[in-house]
Amino acid sequence: MEYTLRIKRYNPEKDVKPHFEEYKVTADAKDRVLDVLNQIKWDEDGSLTYRRSCAHGICGSDAMRINGRNRLACKLLMKDLPSKITIEPLLGFKVVKDLVVDMNKFFDAYKSVQPYLIADEHSGAGERRQSPAQREQFEDTTKCILCAACTTACPVTWTSDDFVGPAAIVNAHRFIFDSRDQGASQRLRVLNSGSGVWRCRTIFNCTDACPRGIEVTRAIEEVKRALLYEQV
Amino acid sequence: MAYHRFDAVIVGAGGAGLMAAIQMAGKANVAVVSKLYPPRSHTGAAQGGISAALGNVEEDHWRWHMFDTVKGGDYLVDQDAAAVLAREAIDAVYELEHMGLPFNRTPDGRIDQRRFGGHTRNYGEGPVRRACYAADRTGHMIIQTLYQQGIKNQLNFFDEHHLMDVLFSEDGQCCGVVTMEMSTGEIHVIHAKMVLIATGGYGRVWSVTSNAIAGTGDGVAITYRRGVPVMDMEFYQFHPTGLYRLGILLSEAARGEGGILRNKDGEAFCARYAPTLKDLAPRDMISRFIHQEIMAGRGINGEDYVHLDLTHLPPELIDEKLPDVTDFARTYLDVEPKTEGVPVQPTAHYAMGGLPTNIDGQVIQDRDATPVPGLYSAGESACVSVHGANRLGTNSLVDLVVFGRRAGKHMLASLEHAEWAPLPPEPEYVAQASIDRLLSAPKSGKGERISDIRSTMQKVMMADVSVERSETSLLRAEETIRQLQGAYTYASVMDKSKVFNTDLTEALELGCLLDCAEATIHGALARQESRGAHYRSDFTTRDDKNWLAHSLVYKTSGGLELAKKPVTITEFEPKERKY
Ligand SMILES: Cc1cc2nc3c(=O)[nH]c(=O)nc-3n(C[C@H](O)[C@H](O)[C@H](O)COP(=O)(O)OP(=O)(O)OC[C@H]3O[C@@H](n4cnc5c(N)ncnc54)[C@H](O)[C@@H]3O)c2cc1C
Ligand code: FES
């Protein structure tokens, strides 16, 4: 199949502002978008720049906007795309080069929710006990790969600089609902503040964008409910 | 150029590097350098589990685990190290749980365990449930949990810094590293009292692999160029069940939960080769069974793949325990595992070899195990050796946490009396020269492009140095790699810019892959026997008389040199491996 890719390019050493470049490629229906980007980079234009590593949707490196939606380039096959494809960097973050964005803001927001187990030293021998049902409470939010697809799909993060964003809330949820954790109140304080969950307008873009199928909006709602009813 | 000084620098933020760094957090000044953001490390790809003889669901003992590890490794395992691995695995898994790792649980709230290839009860009687797991995302949970601990402990992360060189003082003490910061292209010299290499594996040497695109053996190759030997490189594991053509891994957990391999006649052929463990025999064997079926014309439709059959498993079990594995089959091959066989073929998966270390993670330089002052390694880049000629499933994650932790603790203790060794003059020289060459070489002609060199290497290694090799195939591969190394010295990159130049880093990585390939072939040619993952069609049996020994390959100005290092045997005398 023949495809035309319009890719947004920006090299800070040469360009004043980003511009689109067009590439015509022949690709197999089963190729990943990442395979096609590699094909362009390796055969045609070595300067095309994007992040990638695992190539099968588990490392979170290659989230980008493909035909207006945030996708992992390695998890989207050509057969699921029309013959004209537009690829842009994630919205809302500074572009470093081509499809590579500055992730500092993203990781800072993540760190602000104290994304680690807060608990007393376990005194007994062996593991802490946790029932399968207790584990089920936060199973969904453990799947996050920190790719930023959800956060950069959220219109609130495009317009406001200080909203922690869906990914940070997902990671807070992962601990708030973990029966072993004792840090819920600290995290809820952060999420109850001006930059926290109340900025969420329940637009569902985040849930649509998540390549791991995490029910992001639901997790945010559960955190909101925890704040309202102090459920944890 | 930027200059930094730290007590210790850890290169690689996968499971091994982070585990080591966490031991030192708050007690020493440690830098953690990684070319990827830490949670993007390939540890996150591990699916099936991490073994420890907890005995949560049935009787188990660490000595059984040790025995399985030794036997699985075809007796090339150093048994003192295997004892450490199996014994400390138990504590390491509890430590991960205490850090917050969300393991699957038994009804009474303990860590649940499942079966995995080669893990048995009572010295080989039958399969045992030893693998602790978190769905089929165990590695994801490990890397997330350790990164979380890194944040909690405020480690000094140098994210997206590409290792360029490892530095030694004039008297041979390792004293730091040189990195390139991706976002600016700036060179950094990090002066340190000790260095840990934890840069993972090099599956990208082969065309069909389960490894990340970043799995290019950088730390191993760069250290090897500095004269440090690599050990047992001829032992590279091909995992039996890679998605056809793509190489993406379908975890052994699929067979642990009851999946069966079938040939074109629908026959469950593993039972014919390994009557006791059948589909759960060790990986080297199953990969060879598949290879033999394909060679005998029993691949599906006569092609070079077989089917992984899950159709007889309860759909709920598939959803609950194998969600990611089945998702891969659906996404990438458009196959529904609940109703049809999944096309699979062996895929380049794991480096048993690497930088030789002792059980404290110190890199050693000769057959007498003399440490290289200041240099450590852990994880897939290291060869302790606990995996010998063939690693058992789940034992790599154990290796990362057990030996990552031991290395970190040993470094911390050694820091007390470690001295600063002076940096060599112009420490950035080698790094800068390699960048300058790639940026300034004239435009490559056909055949000298980085991507062409890489794909030729991958194809020849797949054809001639994979599940089966012979003197003829190895000599052919050796010659090709030599030519490609020649072409590489003239190759150039298209992108000449400083900021985030991945054209440049891919070229640097290719240089590392070529060195890993070279050492692999050298070891494979020398070893005239078949053992574990190293199967020679011209020497089909194991030869304990001549080859119950590790191989060390040195890169010297006069060419490659090979030495043998004795295997440590404590309790289990080598026997024929039968399953
Ligand atoms: C698909 C898959 C499934 C697996 N499943 C299992 C399993 O179920 N159980 C099991 O025990 N094992 C499994 N393994 C094996 C195991 O996951 C790996 O061997 C292990 O995770 C390697 O960990 P590591 O810490 O050594 O390296 P990695 O996790 O690969 O980390 C390497 C680190 O080094 C850094 N690095 C590399 N080069 C450079 C450079 N030039 N400069 C700076 N930094 C650099 C990277 O950024 C990264 O942080 C699996 C492997 C694969 C591929
Ligand atoms: S490359 Fe890892 S998620 Fe796409």
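FYI, it's all coordinate maths here, none of it is from the lab. Worth saying up front: this structure is predicted, and the values here are computed from it rather than measured. Here the Cβ is made from the backbone with ideal geometry for all residues, glycine too, and neighbour counts use every protein chain on show.
Summary table below
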| read-out | value |
| --- | --- |
| Those GluC sites (Glu not before Pro) in segment B:140-200 that DSSP places in a loop and that have at most 15 other beta carbons within 10 Å | B:Glu170, B:Glu186 |
| DSSP-loop trypsin sites (Lys or Arg not before Pro) across segment B:1-67, with at most 13 other Cβ within 10 angstrom | B:Lys27 |
| Computed E for B:Lys545/B:Ala296 - FRET, C-beta separation, R0 41 angstrom, nearest 0.05 | 0.80 |
| Using alpha-carbon coordinates, inclination of helix B:429-440 to the longest axis of chain B, degrees | 80 |
| Considering only chain B, percent of DSSP beta bridges that pair antiparallel, nearest 5 | 65 |
| Within segment B:387-401: backbone nitrogen closer than 18 Å to the B:Ala526 label point (7 Å, Cα to C-beta) | B:388-390 |
| Translational diffusion of chain A, µm² s⁻¹ [Kirkwood Rh, Cα pairs; Stokes-Einstein; 37 °C; 0.692 mPa s] | 172 |
| Spherically averaged projected area in nm², based on the convex hull that wraps the Cα atoms of segment B:456-579 | 10.9 |
| Centroid-to-centroid separation of segment B:286-328 and segment A:71-125 [C-alpha atoms, Å] | 32 |
| Modelled label reach - B:Ser455, point 7 Å along Cα→Cβ, segment B:332-371 residues with backbone N closer than 17 Å | none |
| Average projection area in nm² (convex hull over Cα atoms of segment B:384-507, one quarter of hull surface) | 12.3 |
| Using alpha-carbon coordinates, inclination of helix B:138-152 to the longest axis of chain B, degrees | 40 |
| Trypsin sites (Lys or Arg not before Pro) lying in DSSP loop within segment A:11-46, provided at most 15 other Cβ fall within 10 Å | A:Lys14, A:Lys30 |
| Intensity falloff of the protein assembly as shown expressed as log10 I(q)/I(0), Debye formula with alpha-carbon point scatterers, at q = 0.05, 0.07, 0.11 Å⁻¹ | -0.23, -0.47, -1.32 |
| Shape call, segment B:152-302: gyration tensor on alpha carbons, a/c limit 1.5 | prolate |
| Sum of -39500 (n - 2.57) over DSSP H runs of 4+, divided by residues of chain A (222 nm, nearest 500) | -9000 deg cm²/dmol |
| Rg over Rh, two decimals, segment A:70-194 (C-alpha only, Kirkwood Rh) | 1.07 |
| DSSP-defined beta bridges in the protein assembly as shown - what % are antiparallel, rounded to 5 | 70 |
| Convex hull of segment B:1-42 built on C-alpha atoms - directionally averaged projected area, nm² | 3.3 |
| Cross-link reach list, aspartates and glutamates versus B:Lys264, counting only Cα pairs under 14 Å and skipping chain neighbours closer than eight places | B:Glu293, B:Glu303, B:Asp304, B:Asp309, B:Glu340 |
| Protection proxy ranking of A:123-136, B:195-208 - average other beta-carbon atoms within 10 Å, highest first | B:195-208, A:123-136 |
| Dimensionless Rg/Rh of segment A:2-101 - Kirkwood Rh, Rg from C-alpha atoms | 0.93 |
| Pairwise centroid distance, computed over Cα atoms, of segment B:427-441 with segment B:102-179, Å | 34 |
| Compactness index (Cα Rg / 2.2 N^0.38 Å), chain B | 0.91 |
| C-alpha long axis of helix B:79-99 to longest principal axis of chain B, angle in ° | 90 |
| Partners for B:Lys409 among aspartates and glutamates (Cα-Cα distance below 13 Å; same-chain residues under 8 apart left out) | B:Asp360 |
| Reachable aspartates and glutamates from B:Lys575, criterion Cα separation under 16 angstrom, eight or more residues apart if same chain | B:Asp68, B:Asp74, B:Asp78, B:Glu125, B:Glu529, B:Asp543, B:Asp544 |
| Peptide B:142-151, shielding by other chains (average Cβ, 10 Å cutoff) | 4 |
| Ordering of B:478-484, B:396-402, B:135-141, B:91-97 by packing [mean C-beta count within 10 Å, highest first] | B:396-402, B:135-141, B:91-97, B:478-484 |
| Of A:Pro12, A:Pro115, A:Pro155, the one that fluctuates the most in a GNM where chain A has Cα springs shorter than 10 Å | A:Pro12 |
| Average other protein chain Cβ within 10 Å of Cβ, residues A:121-130 | 5 |
| Equivalent ellipsoid semi-axes, segment A:121-232, via Cα gyration tensor eigenvalues times 5, rooted, Å | 26, 16, 12 |
| Förster radius 35 Å - calculated FRET efficiency between B:Glu303 and A:Glu21, Cβ distance, rounded to 0.05 | 0.35 |
